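Read the structure below first, then the notes.
The values are calculated or read from the model by the stated rules, or taken from the named source; none is laboratory data. Bear in mind that the values here come from a model prediction, so they are computed numbers and not experimental data. Cβ atoms come from the backbone with ideal geometry, glycine included; neighbour counts cover every protein chain shown.
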Amino acid sequence: MSAQELKQMIEKAGRIVAFTGAGISAESGIPTYRGADGVWNKYDPNKYANVNYFLQEPSYYWNFFREVRYQVLKQAKPNEGHKALARLEERGLLKAVITQNVDGLHQEAGSKNVLELHGNTRKIICLDCGKSYGIDEVREQVETELPPPCRSCGGMLKPDVVLFGEALPAETLEQATEESRSCDLFISVGSSLVVQPAASMPVIAKRAGAALVIVNQDATPLDKQADLVIRESASAVLSEAVQE
Ligand code: APR
Ligand code: ZN
């Protein structure tokens, strides 16, 4: 029933915003951070995802990139959940996807207005000269050089993602806040809603009068504030709720 309830809310809404977390990409084979198969279990988040540790010991991250991140990204394809959100945008009902994910699958599924609060791991940037590279060219380098130096200035390369301890991209955060404030239906999909400031987006939307729907397999701290909580898989719920 609940996907049908969401479908009715979508049909009535004027301005919808979707907010996504790792759970929407789980069905594309990308491990979530805190679920049972969470990638954190194998890698220490205080090391590979922390900017201070990265700057001290960049090879820890690049080993993770070589052994996990790159393979997973190369195999990952958008799933029915990503595609449903892209269709909803095409129908003119969904104004923006605000995502915590760094996998680029929303864009690959056809979504146009994607606000990447935590950056995009398919892009590698040089901290010294600002040059950017794709993951394929850096993947070759990490076979022989750890950490991989920038090909043009020899500087330090870093994935273009927000690591713990780093500020979110101000412009993107501002746009996401604006979209959250001006929507009348806010759908959070596949996020545990525990990491700030991303997790304040649903609260901003609710405070501004939007209806809040949470689609997530596990409970979240915002369930009590939600108008509808659907504890099922993202792709099944979204494809049913978005059907015309
Ligand atoms: N359908 C719906 N929900 C799912 C599915 C699925 N198929 N698979 C997993 N989930 C839910 C889990 O129940 C979990 O609560 O997705 C949620 C994923 O939560 P997290 O792993 O915490 O991911 P996220 O909320 O995106 O983490 C936020 O934390 O580590 C940082 O920067 C990282 O962007 C990330 C941020
Ligand atoms: Zn450089």
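So, in the stretch 211-244, how many residues would count as being touching a residue at least 40 places away in the same chain (Cβ under 8 Å) and either within 16 Å of ligand 2 (Cβ to nearest atom) or among the small types (Gly, Ala, Ser) (or both)?
Total meeting the criteria: 7.
For every residue, the table says whether it meets (1) within 16 Å of ligand 1 (Cβ to nearest atom); (2) part of a helix (DSSP H, G or I); (3) touching a strand residue (DSSP E or B) at 6+ places or on another chain (Cβ under 7 Å).
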residue	(1), (2), (3)
GLY130	no, no, no
CYS153	no, no, yes
LEU168	yes, no, no
SER188	yes, no, yes
GLN196	yes, no, no
ALA205	no, yes, yes
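Filtering the stretch 6-38 down to residues that are of a type outside the set (A, V, I, L, M, F, W, C), at pLDDT 95 or above and closer than 16 Å to GLN100 by Cβ, which residue is farthest from ligand 2 (Cβ to nearest atom)?
GLY23
Here is a yes/no grid of residues against (1) polar (S, T, N, Q); (2) part of a helix (DSSP H, G or I):
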site: GLU5; (1), (2): no, yes
site: MET9; (1), (2): no, yes
site: SER28; (1), (2): yes, no
site: ASP103; (1), (2): no, no
site: HIS106; (1), (2): no, yes
site: SER111; (1), (2): yes, no
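Please go through the stretch 177-203 and pick out each residue that is more than 13 Å from the chain's Cα centre (by Cα), in contact (Cβ under 8 Å) with a residue 24 or more places away in the chain and farther than 30 Å from GLN56 by Cβ.
The answer is THR177, GLU179, SER180, ARG181, SER182, CYS183, ASP184, LEU185, PHE186, ILE187, MET201, PRO202.
Any chance the stretch 139-150 includes a residue that's closer than 19 Å to ASN101 by Cβ and more than 13 Å from ligand 2 (Cβ to nearest atom)?
Checked the stretch 139-150: no residue is closer than 19 Å to ASN101 by Cβ and more than 13 Å from ligand 2 (Cβ to nearest atom).
Is there any pair with a first residue in the stretch 48-68 that is not assigned by TED's automatic domain parsing to the domain that holds PRO148 and a second that is modelled with pLDDT under 95 and not basic (Lys, Arg) whose Cβ atoms are under 8 Å apart and which are 6 or more apart or on different chains, and what are they?
Matching pairs, first to second residue: none at all.
Cβ-Cβ below 9 Å, separation at least six or inter-chain, first residue in the stretch 1-27 and more than 15 Å from LEU185 (Cβ to Cβ), second assigned to a loop (DSSP other than H, G, I, E, B) and β-branched (Val, Ile, Thr): which pairs?
GLY21/THR32; GLY21/VAL195; ALA22/ILE30; ALA22/THR32; GLY23/THR32; SER25/THR32; ALA26/THR32
If the requirement is being out of contact with any Lys or Arg (no Cβ under 7 Å at 6 or more places or on another chain) and not in a loop (DSSP other than H, G, I, E, B), which of these qualifies: VAL142, VAL138?
The unique qualifying residue is VAL138.
List pairs: first residue in the stretch 132-153 and under 22 Å from GLN56 (Cβ atoms), second residue among the β-branched types (Val, Ile, Thr) and in a helix (DSSP H, G or I) anywhere in the structure, Cβ distance under 6 angstrom, at least six positions apart or on different chains.
Cβ pairs passing all conditions: PRO148/VAL138; PRO148/VAL142.
All but one of (1) in contact with a helix residue (DSSP H, G or I) (Cβ under 7 Å, 6 or more places away or on another chain); (2) within 23 Å of ALA199 (Cα to Cα) hold for ARG66, so report the exception by its number.
ARG66 satisfies every listed condition except (2).
Residues of the stretch 11-24 being assigned to a helix (DSSP H, G or I) and buried (at least 16 other Cβ atoms within 10 Å of the Cβ), which ones?
GLY23, ILE24
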